[in-house]
Structures are given as C-alpha cells and as structure tokens.
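Participant: The structure's right below; bear with me while I get my questions together.
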Amino acid sequence: MDISYLGVALGLVLLLYPFLIFAHLKIKLSRQLFISISRMILQLSLVGIWLEFLFNQKLWWLTLLWMLVMILTAIFTIKGRLRFQRKILLPVITTALFTSGIIVMPWVLIMIVKPQPLYDPMYVIPIYGMILGNSMNSCALVLERFESGLADNWQAYFTRISLGANLWEGVLPPFRKALHSALLPQLLNTASMGLVSLPGMMTGQILGGASPLVAIKYQMMIMFAIFSAATITDYVAIRLYIVKRFDKYYLPKGER
Amino acid sequence: MKNLLQIDIKRLHYGDKTLARDIKLEVGHKERILIVGATGTGKSSLLNTLNLMNQSYEGQILFEGRPLTEYHPHELRARISMVMQETFLGVGTVQEILDEPLAYCAQRNVDLSDRKELIYRLLENFKLSPDYLGQKSSQLSGGEKQRIGLIRTLLLRPDILLLDEISSALDQKTSGIISDSIFGHYPGTVIAISHDPLWHERWNRTWRLEGGKLIDNGGVK
C-alpha cells in the first residue's frame with residue numbers, strides 16, 4: 001500500500017511537538033532540527049529518483065559506479081568524524097572498507113540472494129548500503145576507541161615494550177578493548193532483535209507487502225553479513241592503523 | 001674492558017631544540033653511572049636513546065659492537081632495560097605481574113629453569129616476603145609497587161639497567177632498600193638519573209649535562 005505525498009506532508013505535523021518542547025525549554029536545537037529534516041527530505045527525494053532510474057537501467061557499470069560513490073562517501077564521513085591522526089586515516093579506512101566489501105558481498109550475492117542478473121541494482125545497492133553503513137559506524141568507533149585507549153595509557157604501552165614486547169604485543173590490550181567495545185553494541189542489538197523492535201529492513205519489506213517469513217530470512221542474512229563485514233573492517237583498520245601509527249622502533253609517530 | 005656500550009652522539013635534540021652536542025662515551029661492565037644536570041638539559045632524552053626509546057639524535061650508539069638500530073627493539077630492550085619513575089604494573093596478583101614479560105617476544109626461548117629461585121632471591125633482596133606473590137597489585141603501596149616493578153625488570157636479566165628517577169616518589173627507607181639491593185646484588189651496569197642524595201655517594205661515575213655539553217668524570221669520585 002503506497003502512501004500519498006499529502007500523507008508524507010501530514011507526517012511533518014508530528015515535528016511540531018519537538019519544536020514546541022525545544023522552544024519551551026529554550027534548547028537551541030530547532031535550527032538544527034530544521035536543517036537536518038530539510039537535508040533528509042532533499043537527499044532522500046534525490047536518491048529516490050536516482051534509485052528508480054538506476055533500478056530500471058540494470059547496468060553493471062552504473063551499479064558499480066554507485067557503489068563506489070557510496071564507499072567514498074562512507075570514507076569521508078568517517079574521516080570527518082575522527083579528530084586525530086588525520087594524515088594516516090585515509091588509506092586505513094579505504095583499505096578496511098574495500099576489504100570487507102570484497103569478502104562479504106560476493107558471498108551474499110552469489111551464494112545466498114542469487115539475483116538475476118547478479119549485479120541487479122535492486123538487490124545489490126540496498127544490501128551493500130546496509131553492510132557499508134554498519135561497517136562505517138563500526139570502523140569510526142573502533143579507531144576512536146583504539147586511539148583513546150592508547151592515549152589514556154601510554155605509560156602502560158611503554159612499560160610493555162620496555163619489558164620486551166614487540167609492537168603487536170604492545171598494542172594488543174588496547175586493540176582487544178577497542179574491538180570489544182565496537183562490536184558489543186551490535187551483538188546486544190542482534191540478541192534483542194525481533195522482540196524489542198523489528199529491524200528497519202524487515203519493517204520496510206513487510207510494509208512493502210512482503211511476507212514476514214520472507215522478510216526474516218533476508219533480515220537474518222543481512223545480520224550475518226553486517227556482523228561479518230563490521231568485524232573484518234575493524235580488524236583490518238586497526239592492523240593498518242598500527243603500521244602507520246608506529247615506527248620500526250615501536251615508538252608512536254607524531255603526537256601522543 | 002669498556003666495550004659494552006659506545007656512545008657517539010653528535011647532536012641530541014628535542015624537536016628543533018638542541019639539548020647537547022658531541023657526547024662521546026664508553027661504558028663497561030658493572031659500571032654505576034649517575035646522570036646529573038638541571039631540568040631540561042636532556043638527561044631523560046639521553047637515557048632513552050640507550051634502549052631505542054628516543055630517536056631524536058644524530059650519531060651512533062653501539063652495544064657490544066653492533067649499532068643499536070640493528071637489534072630488534074624488543075630484544076634490545078630486554079637486555080638494556082628501563083625502569084621508569086612511575087611503574088605501571090597492571091592488574092592481577094604480583095605473581096601474574098612478574099610473569100607478564102613471559103608472554104612477550106623477547107622472553108620466548110629463554111631458559112626458565114631457575115626462575116622460581118631467582119624470584120625468591122630478588123624478593124628477599126628487596127625485603128619483600130614470598131607472601132607478596134599472592135597479593136593483588138591494587139593492595140600494594142607506592143614503594144612496594146616500585147620494588148615489584150624493578151623485580152619484574154630484573155627477571156629479564158638485563159645487561160644494563162636504566163633507571164629514570166625511580167626513587168623520587170619514595171620515602172627514605174624504601175629508597176634505601178632499593179639502592180641497597182641494586183648496588184649490592186645487581187651484577188650488570190646501571191645508568192641512572194636520580195636526585196636522591198642517598199644514592200649519590202654510591203656511584204662510581206657521573207655524567208653531568210650542562211650548557212649543551214656532557215662532562216664525564218671518567219669514573220673518578
């Protein structure tokens with residue numbers, strides 16, 4: 001069942017409540033709310049039109065090109081979010097996101113979803129979007145946690161290397177902690193799935209008319225893929241970050 | 001025989017700032033060397049160059065005739081070992097803390113047959129009873145932590161011990177115990193920075209950093 005444009009516009013009425021609450025409490029968020037909502041409407045409208053076009057064309061190179069745009073956007077989103085070691089982040093994030101995509105996407109497409117043709121953008125783009133979006137968030141989180149884990153306790157790091165640890169052994173404790181704190185929220189979220197909330201993709205499919213039984217199969221597949229891709233991304237990102245962050249004497253380059 | 005360490009530093013710097021020039025020194029076995037000088041003259045920088053913890057210098061340092069930079073850093077740091085002002089012990093029991101380096105690269109393939117005996121001997125030297133092995137690090141006092149940290153480093157059996165102000169936060173009694181056990185029992189070379197008067201009379205050689213130069217008294221008291 002489609003909703004009318006008038007229906008969407010009526011949805012905007014709901015935003016009156018946050019505006020009124022912000023005004024009442026004098027919280028300076030109204031401007032940001034306006035900007036965010038406007039951007040969202042504009043971006044989604046454009047993407048809607050663009051995807052409609054993309055899905056109808058079914059061109060392999062156009063699909064690939066769009067995936068490239070997606071990954072570039074993800075890379076610069078992470079880079080913009082992180083406020084440390086900016087010079088070395090670009091190759092780290094790029095390699096990490098490409099690696100996880102190259103490992104996970106072919107498996108999903110060839111072995112599980114099997115769209116005809118394989119590059120059918122109607123399947124490839126939404127699935128990749130979900131995988132990439134989660135990998136992006138996880139990657140930003142793990143890098144941030146790793147760097148702050150080092151910064152909070154350089155003394156512990158220097159003690160380890162003073163006691164004969166090599167670089168890998170020296171960074172392993174903050175590495176473990178960072179990966180743990182980047183992945184745990186996802187795992188907890190996964191564990192409550194279906195009972196607390198229906199995940200977005202599944203909700204979308206059900207609202208769009210698919211049977212819940214089909215929707216859960218897609219949702220499970222996407223959860224496996226998301227978690228796998230996020231873990232691969234995080235692991236590759238930190239491994240590379242270590243190589244760039246330290247010199248051959250295991251000393252940190254640049255600021256501490 | 002003065003062939004343990006040969007230092008030839010043309011320029012020691014911190015960022016763009018030159019700390020000292022033309023430092024030429026030889027260090028032998030069993031020497032007890034004290035580095036003195038005002039704050040900011042480069043004492044710590046110099047000490048840190050000796051186990052690859054500081055690369056801000058021009059020149060060359062040889063350990064047993066081989067440039068430091070040719071060693072694996074972990075291998076070198078287990079032989080020229082540093083103990084810092086505030087020792088970081090981590091969590092766990094004293095036994096676990098002492099065993100931490102066993103998990104590291106430099107300690108693999110090391111003969112551990114007399115390790116237990118060595119631990120007991122070191123505890124005794126540092127006036128700690130064997131009961132400490134079961135204690136949690138969080139229950140230790142500052143002085144006890146510093147001693148456990150030293151024992152952990154001494155268990156690596158380093159050839160050279162680098163000490164950076166290790167007694168500055170300690171009371172006289174603990175400082176005395178530490179200096180007694182290092183000077184009385186440690187068989188290797190010690191190079192240290194210390195402001196502790198208790199320690200000063202026990203060195204057989206001083207290096208004074210002053211006005212961008214290092215003055216070596218050559219081992220004469």
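The values are calculated or read from the model by the stated rules, or taken from the named source; none is laboratory data. Model, not experiment: these values are computed from the prediction. Glycine gets a Cβ as well: all are built from the backbone with ideal geometry, and neighbour counts include every protein chain shown. Heads up: the accessible areas ignore ligands, DNA and RNA and are worked out on the full protein's heavy atoms, side chains in. Shrake-Rupley method; radii C 1.70, N 1.55, O 1.52, S 1.80 Å.
Participant: Rounded to a whole number, what % of the accessible area of segment B:19-111 do carbon and sulfur atoms account for, probe 1.4 Å?
Facilitator: Taking all protein chains in place, segment B:19-111 shows 47 percent carbon and sulfur surface.
Participant: Here is a follow-up. In bins 5 Å wide, starting from 0, what share of all Cα pairs of segment A:59-245 does each bin hold, as a percent?
Facilitator: 1, 7, 15, 18, 17, 14, 11, 7, 4, 3, 1, 0, 0
Participant: Please report the equivalent ellipsoid semi-axes of segment A:173-243, computed as sqrt(5 x eigenvalue) of the Cα gyration tensor, largest first, in whole Å.
Facilitator: Semi-axis lengths for segment A:173-243 are 31, 13, 7 Å.
Participant: OK, next. To the nearest Å, what is the center-to-center distance of segment B:82-154 and segment A:44-69, using C-alpha atoms only?
Facilitator: 62 Å
Participant: Another question about this same structure. What does the net charge come to around residue B:93 if you take all other residues with beta carbon closer than 10 Å to its beta carbon, with K and R at +1 and D and E at -1?
Facilitator: -1
Participant: Taking the Cα atoms of segment A:1-151 alone, what are Rg (to one decimal) and Dmax (as a whole number) in Å?
Facilitator: 19.4, 55
Participant: Follow-up question, since we're still on this one. Under the definition of Cα pairs under 8 Å and six or more residues apart, what whole-number percent is the relative contact order of chain A?
Facilitator: Relative contact order for chain A comes out at 26 percent.
Participant: For chain A, report the accessible area per residue in Å² (1.4 Å probe, heavy atoms, rounded to an integer).
Facilitator: Result: 58 Å² of accessible area for each residue.
Participant: So if the hydrodynamic radius of chain B is defined as the Kirkwood radius over C-alpha pairs, what does Stokes-Einstein give as its diffusion coefficient at 25 °C and 0.890 mPa s, in µm² per second?
Facilitator: Estimated diffusion coefficient is 136 µm²/s.
Participant: From the residues B:109, A:33, B:204, which one has its Cα farthest along the dipole of the protein assembly as shown in the positive direction, the dipole being from +1 and -1 charges on Cβ of Lys/Arg and Asp/Glu about the Cα centre?
Facilitator: Positive-most Cα among the choices belongs to A:33.
Participant: Here's a follow-up. What number comes out for the charge environment of residue A:126, summing +1 per Lys or Arg and -1 per Asp or Glu over other residues with Cβ under 14 Å away?
Facilitator: Local charge sum for residue A:126: -2.
Participant: Defining a contact as two alpha carbons under 8 Å apart and six or more residues distant in sequence, what relative contact order in percent does chain B show?
Facilitator: Value for chain B: 30 percent.
Participant: Could I ask something else about it? Determine the sum of side-chain charges near residue B:120: Lys and Arg each +1, Asp and Glu each -1, restricted to other residues whose C-beta is under 12 angstrom from that of residue B:120.
Facilitator: Spelling it out: positives minus negatives among the neighbours equals -1.
Participant: Work out, step by step, the length gained on full extension between residue B:85 and residue B:3: first 0.36 nm times the residue separation, then minus their alpha carbon distance; give nm to one decimal.
Facilitator: Result for the pair: 26.7 nm of gain on full extension.
Participant: Could you state the accessible area per residue of chain B in Å², with a 1.4 Å probe and every protein chain left in place?
Facilitator: 46 Å²
Participant: Continuing with this model, one more query. Am I reading the A/B interface right? What is its buried accessible area, both sides, 1.4 Å probe, to the nearest 100 Å²?
Facilitator: 1800 Å²
Participant: With all protein chains present, how much of the accessible area of segment B:113-172 (probe radius 1.4 Å) comes from carbon and sulfur, to the nearest whole percent?
Facilitator: Summing carbon and sulfur atoms, their accessible area is 45 percent of the total for segment B:113-172.
Participant: Residues of segment B:52-87 that become at least 10 Å² less accessible with every protein chain present than in their own chain isolated, using 1.4 Å: which are they?
Facilitator: Residues passing the criterion (a loss of at least 10 Å², heavy atoms only) are B:52, B:53, B:55, B:69, B:73, B:74, B:77, B:82, B:84, B:86.
Participant: Moving to a separate point now. Just how much of residue A:198 is accessible, in Å², when a 1.4 Å probe is used and the result is rounded to the nearest 10?
Facilitator: Residue A:198 exposes around 90 Å² with every protein chain in place.
Participant: Taking the square root of 5 times each eigenvalue of the Cα gyration tensor, what semi-axes in Å does the equivalent ellipsoid of segment A:1-57 have, largest first?
Facilitator: The three semi-axes for segment A:1-57 are 30, 15, 5 Å.
Participant: Moving to a separate point now. With the Cα gyration tensor of the protein assembly as shown in hand, give its eigenvalues times 5 under a square root as the equivalent ellipsoid semi-axes, listed largest first in whole angstrom.
Facilitator: Semi-axes, largest first: 60, 24, 23 Å.
Participant: From other protein chains only, count the Cβ atoms within 10 Å of every residue's Cβ in A:163-175, then give the mean.
Facilitator: The shielding value for this peptide is 6.
Participant: So which residues of segment A:136-159 lose at least 50 Å² of accessible area, probe 1.4 Å, when you go from the chain by itself to every protein chain present?
Facilitator: A:155, A:159
Participant: What ranking, highest mean first, results for peptides B:139-147, A:223-231, A:201-209 when packing means the other Cβ atoms within 10 Å averaged over each residue?
Facilitator: A:223-231, B:139-147, A:201-209
Participant: Another one. For segment B:64-127, what Kirkwood radius comes out of the mean inverse Cα-Cα distance, in Å?
Facilitator: Mean inverse Cα-Cα distance, inverted, gives 14.0 Å.
Participant: Still on this model: In whole Hz, with x marking every Gly and Pro, tabulate ³J(HN,Hα) for segment A:93-105 from phi via Karplus 6.51 cos²θ - 1.76 cosθ + 1.60, θ = phi - 60°.
Facilitator: Values, residue by residue: 5, 4, 4, 4, 5, 5, 4, 5, x, 5, 7, 7, 4 Hz.
Participant: With all protein chains present, how much of the accessible area of segment A:59-245 (probe radius 1.4 Å) comes from carbon and sulfur, to the nearest whole percent?
Facilitator: Summing carbon and sulfur atoms, their accessible area is 71 percent of the total for segment A:59-245.
Participant: Okay, next question. Per the Cauchy relation, a quarter of the hull surface: what is the mean projected area of the convex hull of the alpha carbons in segment B:92-221, in nm²?
Facilitator: Mean orientational projected area (segment B:92-221, Cα hull): 9.4 nm².
Participant: Show that you can apply the helix-only estimate: for chain B, add -39,500 (n - 2.57) for every DSSP H stretch of four or more residues, divide by all residues, and state [θ] at 222 nm to the nearest 500.
Facilitator: Helix contribution divided over all residues of chain B: -8000 deg cm²/dmol.
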